[in-house]
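Q: Pasting a structure here, questions to come.
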Amino acid sequence: MSNYNVFELVTHLRKCPDIFLKPTSLMEKGGLNAIALVCDTYRIVCNDFLKKEFKIPSEYNLAYIEDNHWRTIAISTWLLSHPNFINCPFLEDKLYTFWFEALAEAALYVKFENWISDEERAEEMVRLLLYTCKILPEGESDEEAIDKLASLSSADRQKVLRESYEANERIMRIKREMAEKKAREAANTYGRE
Amino acid sequence: MDASSDPQIALTDAERFPLLDDLSFLNTLKQDALAPKFNFKSGDRLNAIQLSKVKAYKKNYYSTKLFWNEGQTPIWLTDYVQWCFDTVPFYQNKGNQFDSFPTMHRDDIRKQAPLFVSNEANLEELLVYYTSGSTGAKLDVLFDAVSQANWLPQIESVLEDFAISITESSNTTAIALICAQEKTLTYASLSTYLGGAGILKINLNPSEWSHPDNAKKYLEKYKPQILTGDPLAFMALLALLPELRPKAMISSAMKLTTGTKNKLEHYFKCPVIDVYSLTECRNIAYATEIGHKVIRPDLFLEIFDEHHDVPLPNGKRGELVVTGGSNPFLPLIRYRTGDFCSLKIVDGIPYLIDLEARNPVIFFTKSHLKINNIDISNRLSHLPLAGFKMHQRQDKVIEFTGYSNDISPKEIIQLLNVVFKNDIEIQATIQKISQNNTVEKTQYSSELLDDN
C-alpha cells in the first residue's frame with residue numbers, strides 16, 4: 001500500500017518558503033544557487049551526502065533553461081524535501097526526467113508562483129512527480145492516477161485549447177473561402193440534381 | 001447553379017483547364033454563328049493529380065462493382081467512419097462505431113457546412129455549389145474538382161449497362177446539359193477526363209439565341225453524345241423536333257414518368273435513363289423495371305424509420321440514408337435524404353424499391369379513405385407528364401397542375417378519379433411546356449393532417 005498521500009504532499013508543497021521563489025544565481029546576482037539546490041536534493045533523496053556526481057544538463061543546455069523553469073525546479077526541490085522522498089535511492093534516475101523534461105513542458109504554461117498559490121497546480125506538480133517517479137498515490141489505481149493527472153495537466157489543457165483555437169481558425173477560414181468561392185465560377189456541371 | 005447566386009467569371013482558361021493545351025474545339029463551340037449567347041465560363045479544373053484521382057476512383061470502384069450483401073456492410077465502411085471521426089469536426093463527438101452512429105439531415109449541412117469539411121481537405125481546392133432549394137431550404141454544397149468530375153465515371157458505369165460508351169476525343173461533344181428555364185448559367189466547356197471532348201450547358205429559352213431555330217441547329221451541328229437534363233427540358237427539346245440521335249439521355253432532378261420516357265425514347269431512338277441523384281452526393285441510382293438500381297459502390301445505403309434513429313431491415317419501407325462518397329468537403333455518415341423507399345439486394349446489387357421523393361403525403365377521399373401518393377405516382381407515370389404538383393386543400397379539393405404538351409386536364413381528372421374511387425373533387429390545369437419554364441420539381445402537399 002502506497003503511503004504517498006496526494007493531499008498531504010499538496011499541503012506540504014503549498015507551504016513552500018518564499019526563499020525558493022527567488023530567481024537563480026544563473027539569472028540574477030545573489031539569487032538561489034539552483035545547481036546546488038538540485039544536487040542537494042539528489043543527496044537527500046539518495047541519502048548519500050558524500051556523492052558528488054549527479055545527472056544534470058550540460059552547461060550548454062543549462063544556459064537555455066528559462067527563469068520560470070528554474071524557479072519551478074526550485075519549488076519542486078521543496079516538495080522533494082517531504083519525508084516521503086528522503087532516502088529513496090530508486091528515485092535518483094527519475095528526477096532528471098522530472099526536472100528537465102516534465103517540468104520543462106509544464107513551466108511553459110504555468111507561472112512559477114501558481115504552483116503554490118493555486119491548489120490545482122500544486123496537485124498537478126505532486127501528481128507529475130509521482131507519475132514520473134512511477135509512484136502510485138495512496139488509495140489510487142494506475143488508471144485513476146493517470147486520469148487525475150490528465151485532468152489537471154496544464155500541457156494537455158493547453159493542447160486542447162490550441163487545437164480548439166486552430167479548429168476555430170480553420171472554420172473561420174472555411175467560411176471566408178466559402179464566401180469567396182461562392183461568388184466565383186466553380187467547375188463543370190454535367191447533369192441536373 | 002442558381003442564377004440568383006450571381007457567381008462571377010474569375011478564372012483564366014489555364015486555370016479552367018490546367019492540362020489542356022489545345023482549346024480550339026472550345027473556341028469552335030463558343031464562336032459558332034449558331035451558338036447561344038453563353039453567359040458564363042467553366043472548366044473542369046483538373047490538374048494532373050486530380051485527374052489521376054478521378055481515374056483511380058473509376059478503377060477502384062467501377063472496374064468491378066462490389067456492393068454489400070444483406071446483413072453486411074461494405075469493406076471500406078470501417079476505415080471511412082474512422083477517417084471521418086479522425087478528421088471531420090462534425091463527426092468527432094459522435095463516436096467511431098458505425099452501428100450506433102446517429103443520422104443527420106439537410107439542415108445540419110445547411111447550418112454547419114464548415115464542420116463537415118475534413119481537416120485533410122485542401123481549402124485551395126474548395127468549390128461551392130449553391131442550390132436553389134427547390135425541395136427544401138437553400139443550401140451551399142462544398143466540393144472539389146475531383147468529386148465533381150467523378151460524375152463522369154459514375155455515369156459511364158450506368159451507360160455500360162446499356163452497352164454505351166462515350167467517345168473520348170477533342171473534336172466531339174460528349175455531353176450537353178439541356179435546360180429550359182427563364183434564366184440559368186450557360187457555357188461551353190471541355191472535359192479533360194474525356195480527352196478534351198466538349199461539354200455544353202445550354203438553355204433552350206429563345207431569348208438566349210440570336211435566332212429561334214438556332215438551338216435546334218446548334219445541337220444538330222455538334223451532335224452531343226449524351227443529353228442530360230430534367231423531363232421538362234427534354235420535352236421542351238422534343239417540341240423543337242431536332243434531328244438528333246444521342247447515345248443516351250440522362251434525366252434527373254424530377255420524376256420521369258413512363259409516359260414521358262416512352263415518348264422521348266420513341267423520338268430520340270435511345271435509352272432515356274431516369275437517374276436519382278442528390279446535390280449532396282451526386283448520382284445514387286437509376287430506374288429499372290424492378291426498382292432503382294444503385295450505381296455507386298462508394299455509397300452505403302440504409303433504410304431508417306422516418307421519426308426515430310432505427311435502421312429497418314431490407315424490404316421495409318422508410319427513409320433512405322446515405323453514407324460515403326468521394327467529397328472531402330462533405331463526407332456523409334448516415335445522411336437522411338428525405339426520400340423514401342425500401343431496399344432489396346438482387347444478385348449482389350442493391351435496388352431502391354418504390355422510391356418517392358421527400359415525405360410521403362397521404363391524401364383523403366371525401367369519405368376520408370386514405371390514398372398514398374405512391375399509388376398516385378404509379379398511375380400518373382403512364383402519362384406523358386414532364387412534371388406536376390398536387391395539393392389537397394382543407395376542404396379536400398385536389399388542386400393539380402401538370403406540365404405537358406400532350407394531355408388534357410380531363411384525362412388527369414379521369415385518372416385521379418379512378419385512384420380516389422370517384423369520391424373526390426379535382427381542379428386540374430395543364431400548362432404547356434415552353435423553352436423557358438419556371439416550375440419547381442414534382443411535389444405533393446396537403447393541408448390535411450394524417451390522423452391515422
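Q: Given springs between every Cα pair under 10 Å in a Gaussian network model of chain A, which of A:172, A:27, A:125 has the largest fluctuation?
A: Greatest mean-square fluctuation among the candidates belongs to A:172.
Q: Could you pull out the pairs from A:181/B:94; B:247/B:432; A:15/A:111; B:37/B:432 whose alpha carbons sit more than 19 Å apart here?
A: Beyond 19 Å between Cα atoms: A:181/B:94; B:247/B:432; B:37/B:432.
Q: Could you give me the ³J(HN,Hα) list for the stretch B:170-183, computed from phi with Karplus coefficients 6.51, -1.76, 1.60 and θ = phi - 60°, whole Hz, x at Gly and Pro?
A: Each residue's phi maps through the Karplus curve to give 7, 10, 10, 8, 7, 9, 10, 8, 9, 10, 9, 10, 5, 8 Hz.
Q: Principal axes first, then extents: for the Cα atoms of the stretch A:6-152, list largest minus smallest coordinate on each axis, whole Å, largest first.
A: Result, largest extent first: 43, 32, 26 Å.
Q: Over all Cα pairs of the stretch B:53-95, how is the pair count split among 10 Å bins, expressed in % and running from 0 up to the last occupied bin?
A: 24, 36, 35, 5
Q: Follow-up question, since we're still on this one. Nearest 20 debye, what's the magnitude of the dipole of the protein assembly as shown about its Cα centre given +1 on Lys and Arg Cβ and -1 on Asp and Glu Cβ?
A: Computed charge dipole of the protein assembly as shown: roughly 2100 debye.
Q: Hey, can you grab everything whose amide H is under 5 Å from the amide H of residue B:312? Only 5+ residues off in sequence or another chain; H modelled, so Pro and N-termini drop out.
A: Placed amide hydrogens put B:303, B:304, B:305 under 5 Å from residue B:312.
Q: Okay, moving on. For the protein assembly as shown, what class follows from the C-alpha gyration tensor (a ≥ b ≥ c being the square roots of its eigenvalues): rounded when a/c is under 1.5, otherwise prolate if a/b is larger than b/c, else oblate?
A: Taking the square roots of the gyration eigenvalues as a ≥ b ≥ c, the protein assembly as shown is prolate.
Q: Something else: Please quote Rg/Rh for the stretch B:235-291 to two decimal places, taking the Kirkwood radius as Rh and restricting both calculations to Cα atoms.
A: My calculation of the ratio gives 0.99.
Q: What FRET efficiency would be calculated for the residue pair residue B:207, residue B:258, taking the C-beta separation as r and a Förster radius of 25 Å, to the nearest 0.05?
A: The pair residue B:207/residue B:258 has a calculated efficiency of 0.15.
Q: Still on this structure: Need one word for the stretch B:288-346: rounded, prolate or oblate. Basis is the Cα gyration tensor (sqrt eigenvalues a ≥ b ≥ c); a/c below 1.5 gives rounded, then a/b vs b/c decides.
A: oblate
Q: While we're on this one: Grab the beta carbon distance between residue A:167 and residue B:422, set R0 = 60 Å, and tell me the FRET efficiency rounded to 0.05.
A: 0.45
Q: Taking loop as defined by DSSP and a crowding limit of 14 other beta carbons within 10 Å, which chymotrypsin sites (Phe, Trp or Tyr not before Pro) in the stretch B:162-237 fit?
A: Taking the stretch B:162-237 and a limit of 14 other Cβ atoms within 10 Å, the loop chymotrypsin sites (Phe, Trp or Tyr not before Pro) found are B:162.
Q: Sticking with this structure for a sec: Only bridges with both residues in the stretch B:92-201 count here: give the DSSP antiparallel percent, nearest 5.
A: Antiparallel bridges make up about 70 percent of those DSSP assigns within the stretch B:92-201.
Q: According to the square roots a ≥ b ≥ c of the eigenvalues of the Cα gyration tensor, what is the shape class of the stretch B:136-249, taking rounded for a/c under 1.5, prolate for a/b larger than b/c otherwise, and oblate for the remainder?
A: Oblate, since a/c reaches 1.5 and b/c is not below a/b.
Q: Once the cut-off is 33 Å, how many percent of the Cα-Cα pairs in chain B end up in the long-distance tail?
A: The calculated P(r) of chain B puts 37 percent of pairs beyond 33 Å.
Q: Give the residue from B:448, B:224, B:238 lying farthest towards the positive end of the charge dipole for chain B; charges sit on Cβ (+1 for Lys and Arg, -1 for Asp and Glu) and the dipole is referred to the Cα centre.
A: After comparing all options, I get B:238.
Q: If you don't mind, there's one more thing I want to ask. Taking only DSSP H segments of four or more residues, each worth -39500 (n - 2.57), what value at 222 nm results for the protein assembly as shown once the sum is divided by all its residues, to the nearest 500 deg cm²/dmol?
A: After summing the helix terms and dividing by the residues of the protein assembly as shown, the value is -9500 deg cm²/dmol.
Q: If you split all Cα-Cα distances of the stretch B:319-390 into 5 Å bins from zero, what percentages do you get per bin, shortest first?
A: Bins of 5 Å from zero give 3, 12, 16, 18, 18, 14, 10, 6, 2, 1, 0 percent of pairs.
Throughout, read-outs are computed from the coordinates displayed, never taken from laboratory work. Everything numeric in this text was worked out from a predicted model, so none of it was measured. Reconstructed Cβ throughout: ideal geometry from the backbone, glycine too, with neighbour counts over all protein chains shown.
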